[in-house]
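Step one of this worksheet: look at the structure below.
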Amino acid sequence: MLINRIFNGNDAVYGLTVGAIDDAIAKNGADKAVGFPNTAYCLPCYYAVTGVKVKTLGDLKEAVGVVKTLMTREHALDDALMSGVATALCAEFIEALKYVDGAVPYEEPCYGHLADAVIRELGVPLVTGDIPGVAVVLGSAPTAKEGVDLIKSYQAQGILVTLVGGIIDQCEELGYKTGANVRVIPLGKDVTSVIHVVSVAIRAALIFGNVTPGDAGALLAYTAERVPAFVNAFAPIDDVILAAGAGAIKLGFPVISNETEGIAEVPGALIPAKVEDFNKTSLEARNIKIKITNIDIPVAFASAFEGEIIRRGDMQVEFDGSRVDCFELVQSKDMEEIEDHRIEIIGPEIDEFPEGSKQSIAYIVEVAGKNMQPDFEPVFERKFHSYINCIEGVMHTGQRDMIRVRISKDAYQVGFRAKHIGEVLYAKVKSEFEAVVDKCQVKIYTMPEDCTKLRHELAVPAFDKRDDRLRNLTDESVDVYYSCILCQAFSPSHVCVVTPERLGLCGAVSWLDAKATNELDPNGPCQVITKEKCIDDRIGEFEDVNEAVHKLSQGALEEVSLYSIMEKPMTSCGCFECICGIEPFSNGVVITNREYAGMTPLGMTFPELASMTGGGVQTPGFMGHGKHFIASKKFMKAEGGIERIVWMPKELKDMVAERLNETAKELYGIDNFTGMVADETIAQDPETLVAFLTEQGHPALSMNPMM
Ligand code: SF4
Ligand code: NI
Ligand code: NI
């Protein structure tokens, strides 16, 4: 019965797909290009399953023939599940047709297809457990309120929610805010739009997992084991939804539904539940554990609120470090100087500030512990941005003495006050750094004269001292490096070697961070790597580093260099901030970053370049790296260093200019080096690029060819 319904649904979708492809060919011809924007994987699901890249309507016609071969009609469960996969592939074809001719088929609030860059960005939060799971909510809830309550419950747990169908209208009906920034992504209202989240899971396997396209077995094992997704499907469930659900189950994603008619339970795969129990049932089915920190504040605290934006008109009060004196600071103290969990407000609470006003604030988190080191202060402090942003109704930007904090009227009205910022900082620092923090207290200053005085007499000197320390931290000046293998959750053989002058490629793990992580959890992702047995100084190769990498990659990697992009380069997982690749005409390299959607002179966009490497394999000529690595003296030192950089997107160039120019001056005596580096406003093809570099006398032109 269930199996027949899946076959019916599959047949219906298949018929529609064939019709749609034929219509499109009749209208546009078989040579017409087809594909999704901002991905290097054409039709990602079909490509991953078969290894074939569909590029034209003609290819699509052939592909739908291949899909037909999956639609066997024996009455076994696996036939039904393969028909589910066939249904999903048909959905991908139907969705792809919507994008023919550069059409923009989705409009607010729906997203439709999600870019490769979005998936790469999800890498780190997924491995750290910051996003513990991905929910696919499909159909219309019994009432709009029940639907929104379900979404909220996931948001509060940090779970990324995608929406398909009527639930999107239900959110709009109640004015519930959606968007990638609050981790609620409406995909589309047609059921076929569910493929856009399936596509995310499947591309994760290609991007992070190094799964070979066409190896369907490895693909399905990867999604089942490593992508913590599940489906919540509201009744009524028709045959088409059922067929799509079978596809989800084949990928390892359980389907939880309140449908009671004509559906049999398939243990662990198709699970009946009441809507109010969807959350609990889903988490259990996928074995997702939620980290809970109890924080005594009157609003929600969840990573889903991290990207929340508070507009000027919605704010009760704003603390703006660009206008008045503000700062945030962590300081280590002696044990007896601290009274644990003391939160002190020195100055007026926000009740006393006029609505919508700009005020000063300074908060100092004082910590003490036997194993505390001053080197950890900036590590904790850098997390404040995320902690404070996770408060519902509070927005935080910047760091140190350039912070801005907005508190919304809504949060204020339910009782949120400045002291609650202290509660959050206290609770998070104590729970996340418990191995080194025994006691913690928070002082919050809100009087302008205190903030001014403390900023100049306490904070700025502390920041200066730290900067001096960082400047003197070089790869040579330390005794050990650290590994990071957090990303092995998705890239099983990837290892980052983190050094003072080369941070992790995600940009989130510096040598100090890795050191702190190791101290906090000696058996955790960051292990000490000694560097006593140098093999080759030029490329930065060490016997002990090789041994560590070999062990930590479970034998997948033998040798790795720290400073070369050509010889034994470090691997990439997939969540790198930037990718650089050789530009043969100029002897240089082009760097592009995740945020830049445009073309590079290599004729490839970020997703295309990014797809050249990843999955924990070494790819000479391409290297994923963090933004901060660009100005490092160790950036491809083996090939001549930063002098090789010939092109960057303008925004990235501006961001790194100050430090990059400093390095160029110091290493080569070049003034204003970034003036010689092209960007998209100057060149988008090799000819224009080389002409510009020649005019500028760019040093790369006269360097040895890299290959
Ligand atoms: Fe992943 Fe490397 Fe960043 Fe660690 S440092 S989280 S392994 S990219
Ligand atoms: Ni917030
Ligand atoms: Ni990663």
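The values are calculated or read from the model by the stated rules, or taken from the named source; none is laboratory data. Only a predicted model underlies this, so the values are computations on that prediction, with no experimental measurement involved. Cβ: placed from backbone, ideal geometry, glycine included. Neighbour counts: every protein chain shown. Note: areas computed on protein heavy atoms with side chains; ligands, DNA, RNA excluded. Shrake-Rupley method; radii C 1.70, N 1.55, O 1.52, S 1.80 Å.
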Q.
Here are the criteria: (1) under 27 Å from Ala233 (Cβ atoms); (2) open to solvent by 30 Å² or more (accessible area, probe 1.4 Å); (3) part of a loop (DSSP other than H, G, I, E, B). Tell me which single one Glu339 does not satisfy.
A. (1)
(Q) Restricting to region 378-393, name every residue that is within 16 Å of ligand 2 (Cβ to nearest atom), in contact with an Asp or Glu (Cβ under 8 Å, 6 or more places away or on another chain) and of a type outside the set (Gly, Ala, Ser). (A) Lys383, Phe384, Asn389, Cys390, Glu392
Q) Taking the condition modelled with pLDDT of 95 or more and in a helix (DSSP H, G or I), does Ile591 pass? A) no
Q. In this structure, is His420 assigned to a strand (DSSP E or B), within 16 Å of ligand 2 (Cβ to nearest atom) and open to solvent by less than 40 Å² (accessible area, probe 1.4 Å)?
A. no
Q: Give Phe585, Phe576 a once-over and let me know the one that is open to solvent by less than 30 Å² (accessible area, probe 1.4 Å) and either assigned to a strand (DSSP E or B) or assigned by TED's automatic domain parsing to the domain that holds Gln684 (or both).
A: Phe576
Q) Across region 370-408, which residue is most open to solvent (accessible area, probe 1.4 Å) among those that are of a type in the set (A, V, I, L, M), at pLDDT 90 or above and not in a loop (DSSP other than H, G, I, E, B)? A) Met395
Q: Give the residues of region 689-705 that are farther than 11 Å from Ser586 by Cβ and in contact (Cβ under 8 Å) with a residue 24 or more places away in the chain, sorted by residue number.
A: Asn704
Q: Restrict the check to region 435-445 and report whether at least one residue is closer than 30 Å to Ala548 by Cα and either free of Cβ contacts under 8 Å to residues at least 24 places away in the same chain or touching a strand residue (DSSP E or B) at 6+ places or on another chain (Cβ under 9 Å) (or both).
A: yes
(Q) Quick check on region 612-630. Is at least one of its residues within 16 Å of ligand 3 (Cβ to nearest atom), open to solvent by 10 Å² or more (accessible area, probe 1.4 Å) and in a strand (DSSP E or B)? (A) yes
Q: Return a yes/no flag: does region 223-236 have any residue that is modelled with pLDDT of 95 or more, open to solvent by 50 Å² or more (accessible area, probe 1.4 Å) and basic (Lys, Arg).
A: no
Q.
Considering only region 634-651, I want to know if a residue exists there that is aromatic (Phe, Trp, Tyr), assigned to a helix (DSSP H, G or I), within 18 Å of Pro569 (Cα to Cα) and in contact with a strand residue (DSSP E or B) (Cβ under 9 Å, 6 or more places away or on another chain).
A. no
Q: Quick one: Arg594 ticks every box in (1) touching an Asp or Glu at 6+ places or on another chain (Cβ under 7 Å); (2) closer than 16 Å to Ile207 by Cβ; (3) surrounded by fewer than 21 Cβ atoms within 10 Å (Cβ to Cβ) except a single one, so which number is it?
A: (3)
Q. Which one is nearest to ligand 2 (Cβ to nearest atom) among residues in region 86-99 that are open to solvent by 20 Å² or more (accessible area, probe 1.4 Å) and touching a residue at least 60 places away in the same chain (Cβ under 8 Å)?
A. Tyr99
Q.
What pairs come out if I take residues in region 391-407 that are on the phi < 0 side of the Ramachandran plot and pair them with residues that are within 16 Å of ligand 1 (Cβ to nearest atom) whose C-beta lies under 8 Å away, six or more apart or interchain?
A. Gln399/Arg382
Q | region 116-145, residues that are more than 16 Å from ligand 3 (Cβ to nearest atom) and either of a type outside the set (A, V, I, L, M, F, W, C) or open to solvent by 20 Å² or more (accessible area, probe 1.4 Å) (or both) | A | Pro132, Gly133, Gly139, Ser140, Pro142, Thr143, Lys145
